[in-house]
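The block underneath contains the structure these notes are about, expressed in structure tokens.
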Amino acid sequence: MSERKNKVGVLSDHRRVGKRFIPPFFQTSGGLVEVRWIDTILPELLWLGLLNDRCGLEKGAALSVSMTRAALRSKGQENRILWAATSAFTSLTDDQKTSIVQALKASGDLEALRYALMPLCQFYPECPFIFIFGSSPHPHPDPPRAGLAWLKAVLKTLFDRWDKPGTLVQANAIYIAFVSDILKVVKGLSLANFPAVADFPDTEESKKIASGCRAIVTSFFGGGPLYDMSASWPRYFWNRGLELDPCEIQGLSDE
């Protein structure tokens, strides 16, 4: 009996349809819509890939969570926000941005975040993360073109969402969802042992967890209450990229 009550409690915010329980982020009036990895999700999660590449997987994840917790403290949890998305940071007021910077200084994470996100803010002046630099990005230790080359190199590793770099970026997004309390997992599901995703793709368990991460990330961005489909950042990102370095990329899989 107690086990049954616990299950009901965990699923209390789900809507039952027949034998299925629909989680909150699927409960939208218009339902989910198609969302493309390269067009929309990749630009939103790119900052996580930059952190992973510049600082290592463990430190990169820790820095993203530090940023998330600072945002949660400044804005509060009255609104459920997908802090893994770059666009989420456009919702901050000036006072909230100041509070986040102060919190990151106190935690000792500000300079590492600046170092990793510098090229993104330097070449994309409308990037929502630019507030962590004050009035303008600080000089980068690498030559500007080297910073742009690195940014492009990291981006290239993330085009395939099924490969390890793209998969772990999506796992970072899930980690942020756990931290910000917008995602809960029932005991016994593969995601309940979420840390094992770090072994991807070397174990069957990590592959199952990775598959779950990809599915949930798609649902987050697919028209649910956590993400504004009209967000301007993805479109700006690609348009600005063409200004910086016109190119044609072929043979990319978006499935």
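The values are calculated or read from the model by the stated rules, or taken from the named source; none is laboratory data. None of the values given here were measured: they were computed from a predicted structure. With ideal geometry, Cβ positions are generated from the backbone for all residues, glycine too; neighbour counts draw on all protein chains shown.
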- [ ] Please work out which one of (1) more than 22 Å from I81 (Cα to Cα); (2) over 17 Å from the mean Cα position of the chain (by Cα); (3) in contact (Cβ under 8 Å) with a residue 12 or more places away in the chain is the condition K164 fails and give its number.
- [x] (2)
Open item on the list: So if I check each of V169, V186, which one is of a type in the set (A, V, I, L, M) and either without any contact (Cβ under 8 Å) to a residue 40 or more places away in the chain or loosely packed, with under 15 Cβ neighbours inside 10 Å (or both)?
Closed with: V186
Open item on the list: Tell me the residue from K97, K187, K156 that is of a type in the set (K, R) and modelled with pLDDT under 95, please.
Closed with: K187
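Give me a count of the residues in segment 146-165 that are touching a Pro at 6+ places or on another chain (Cβ under 7 Å) and closer than 16 Å to E44 by Cβ.
2
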Task: All positions within segment 166-182 that are aliphatic (A, V, I, L, M) and touching a Pro at 6+ places or on another chain (Cβ under 9 Å) - done: I182
Open item on the list: For segment 41-87: of the residues being out of contact with any Ser or Thr (no Cβ under 9 Å at 6 or more places or on another chain) and within 21 Å of G224 (Cα to Cα), which is surrounded by the fewest Cβ atoms within 10 Å (Cβ to Cβ)?
Closed with: E78
TODO: Quickly run through segment 177-215 and pick out the residues that are of a type in the set (D, E, K, R) and more than 17 Å from L48 (Cβ to Cβ).
DONE: D181, K184, K187, D199, D202, E204, E205, K207, K208
- [ ] Please state which of the following conditions E126 fails to meet, knowing it meets all the rest: (1) at pLDDT 95 or above; (2) touching a Pro at 6+ places or on another chain (Cβ under 9 Å); (3) surrounded by fewer than 18 Cβ atoms within 10 Å (Cβ to Cβ).
- [x] (2)
